[in-house]
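The values are calculated or read from the model by the stated rules, or taken from the named source; none is laboratory data. Just so you know, these numbers come straight off a predicted model, no measurement behind them. Neighbour counts are summed over all protein chains in view; Cβ atoms, including those assigned to glycine, are modelled from backbone coordinates with ideal geometry. Surface areas here come from the heavy atoms of the whole protein model, side chains and all, with no ligands, DNA or RNA. Shrake-Rupley method; radii C 1.70, N 1.55, O 1.52, S 1.80 Å.
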Amino acid sequence: MHYISTRASSGKAPERKRFCEILLEGLAPDGGLYLPEHYPQVDGATLSRWRDLSYAELAFEVLSLYIDDIPAGDLKAICTKTYTEEVFGSKEIVPLRPLEPGLYLEALSNGPTLAFKDMAMQLLGNLFEYELARRAEELNILGATSGDTGSAAEYAMRGKQGVRVFMLSPKGRMSPFQQAQMFSLQDANIHNIAIDGVFDDCQDIVKAVSNDLAFKRQHKIGTVNSINWARLMAQVVYYFAGYFHATPSNAEKVSFTVPSGNFGNVCAGHVARMMGLPIDKLVVATNENDVLDEFFRTGIYRVRTSADTHETSSPSMDISKASNFERFVFDLLGRDGGKTRSLFHDQIASQGSFDLGADPAFPQAADRFGFASGKSTHADRLATIRDTYRRFATMIDTHTADGLKVAREHLQPGVPMIVLETALPIKFAATIEEALGRPPFRPAGFEGIEELPKRVKLLPADVASIQRYIAENVQ
Ligand SMILES: *Cc1c(COP(=O)(O)O)cnc(C)c1O
């Protein structure tokens, strides 16, 4: 399997890379995102064979289709070591919880940091450790987080040989529980950096540093943001697992609703669907930051300014642009790298938006690729959290509530709808209190973490300051 950039110029043979070459990289050198040259196809016989596998075995099967430069025995050992009951809290790893007939929650948030990002990040930690040892190299991971990515990355990388983490977060924007999770880590290889700005400022700094090729090479900078292909690939696995749990045979289709921000999670669903998993609809659920809902309704992709980005009670979806969205648009445009480049590089730079509303490709987003969308507000979250607790005795977090609210608008008779549970309520306690008048459940092992000593550096939203800090801390 080879990987190409979404901005590979047409006419010229694209630069093709193997999995382990892009594993430790962020953006492609041309500013695009890596995607496999083709999507491996999974036929009915293969689906039947996969149906009864354990999660770790299923992960190995899916990953094997995308990774051909790690020996099978090693890859299998990495999957087995990653997806354990001990780390993820149950034998199924991603158990499916029925709410009412035809409507399910897929529990993706029982890893070490209580959000779905552990599903990919725990694997990434083990892949990084393996590959760095094999090359006898070191890596300095630079990431941006609005909360959940940062902690997931830090818990995956803490104490790992050859890896340092520099994690940027918008100062004061994460919940007290999220700050405690990250800032309480005392491992020497973990650096928390609070930025005076919003999440997108953090993300822009990561992009700027990654585009500074000399700095990147000198300081061995890598990324674990959702643009990393390996994360996306790891997420593909739980779409298969959710499908198998929700259906008795491969004759059925299911739909997924995905609380979305940077379009990473739902992009993995898109990949699963392109591989032949019988997915009917992929419903993108946004909060008040409705960049993606606007696109799927109108064809207009309009990047918001920082000032125009709302601070909401589902903060992990507070984005002004969706960094993985380019991958889908590349597929939507028939994998035309030149056109993708002109939209995301030229038009976004010059006017902050593009409009595919009149492009013949746009209707295919729904018709051929199965996408639908919807939006949820603070009031919707409160109502959904309350309703789910009262009627089903199930406590859901604010992001999952956005998903469930939008999922109900897209139910179709005979098609099971699976809502991805992206975090546990304890991470967003204030809104749970507001909705239910009681604190969220606190899973065992997280008592009193808000009181632990914090380790964090405050820096301005400025590329040079971050580069200086990294340079000083990589010796
Ligand atoms: C990261 C995150 C999201 C958004 O996922 P994307 O892959 O960025 O679309 C939604 N909910 C929670 C809880 C998250 O942590």
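General remarks:
Residues checked against (1) buried (at least 20 other Cβ atoms within 10 Å of the Cβ); (2) over 17 Å from residue 362 (Cβ atoms); (3) not aliphatic (A, V, I, L, M):
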site: 289; (1), (2), (3): yes, yes, yes
site: 292; (1), (2), (3): yes, no, no
site: 301; (1), (2), (3): yes, no, yes
site: 309; (1), (2), (3): no, yes, yes
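- Residue in the range 313-328 that is surrounded by fewer than 19 Cβ atoms within 10 Å (Cβ to Cβ), of a type in the set (D, E, K, R) and either part of a helix (DSSP H, G or I) or modelled with pLDDT under 95 (or both) present: no
- Remark: residue 75 matches the filter, which requires a residue to be hydrophobic (A, V, I, L, M, F, W, C), open to solvent by less than 30 Å² (accessible area, probe 1.4 Å) and closer than 27 Å to residue 262 by Cβ.
- Cross-chain or 6+ apart pairs with Cβ under 8 Å, the range 313-325 first and β-branched (Val, Ile, Thr), then assigned to a loop (DSSP other than H, G, I, E, B): 319/146; 319/261; 319/262; 319/289; 319/309
- When each of 269, 222 is tested for being within 16 Å of the ligand (Cβ to nearest atom) and either polar (S, T, N, Q) or open to solvent by less than 20 Å² (accessible area, probe 1.4 Å) (or both), the lone residue that passes is 269.
- Scan of the range 183-216 for residues that are closer than 19 Å to residue 319 by Cβ and in contact with an Asp or Glu (Cβ under 7 Å, 6 or more places away or on another chain), ordered by number: 195, 199
- Selection count where residues are free of Cβ contacts under 8 Å to residues at least 12 places away in the same chain and among the aliphatic types (A, V, I, L, M), scope the range 51-71: 1
- Residue ranges of helices (runs of 4 or more DSSP H) in the range 85-196 with at least 2 members open to solvent by less than 10 Å² (accessible area, probe 1.4 Å): 117-135, 148-157, 176-183
- Residue check, residue 344 within 21 Å of residue 33 (Cβ to Cβ) and part of a loop (DSSP other than H, G, I, E, B): no
- Yes/no for residue 372 being open to solvent by 20 Å² or more (accessible area, probe 1.4 Å), aliphatic (A, V, I, L, M) and modelled with pLDDT of 95 or more: no
- Meets criteria (in contact with a strand residue (DSSP E or B) (Cβ under 6 Å, 6 or more places away or on another chain), without any contact (Cβ under 8 Å) to a residue 12 or more places away in the chain and open to solvent by 30 Å² or more (accessible area, probe 1.4 Å)) for residue 14: no
- Hits in the range 239-265 - residues which are away from the ligand (no atom under 12 Å from the Cβ) and in a loop (DSSP other than H, G, I, E, B): 247, 248, 249, 250, 251, 252, 253
- Picking from residues in the range 423-466 that are among the small types (Gly, Ala, Ser) and in a loop (DSSP other than H, G, I, E, B), the one that is surrounded by the most Cβ atoms within 10 Å (Cβ to Cβ) is 461.
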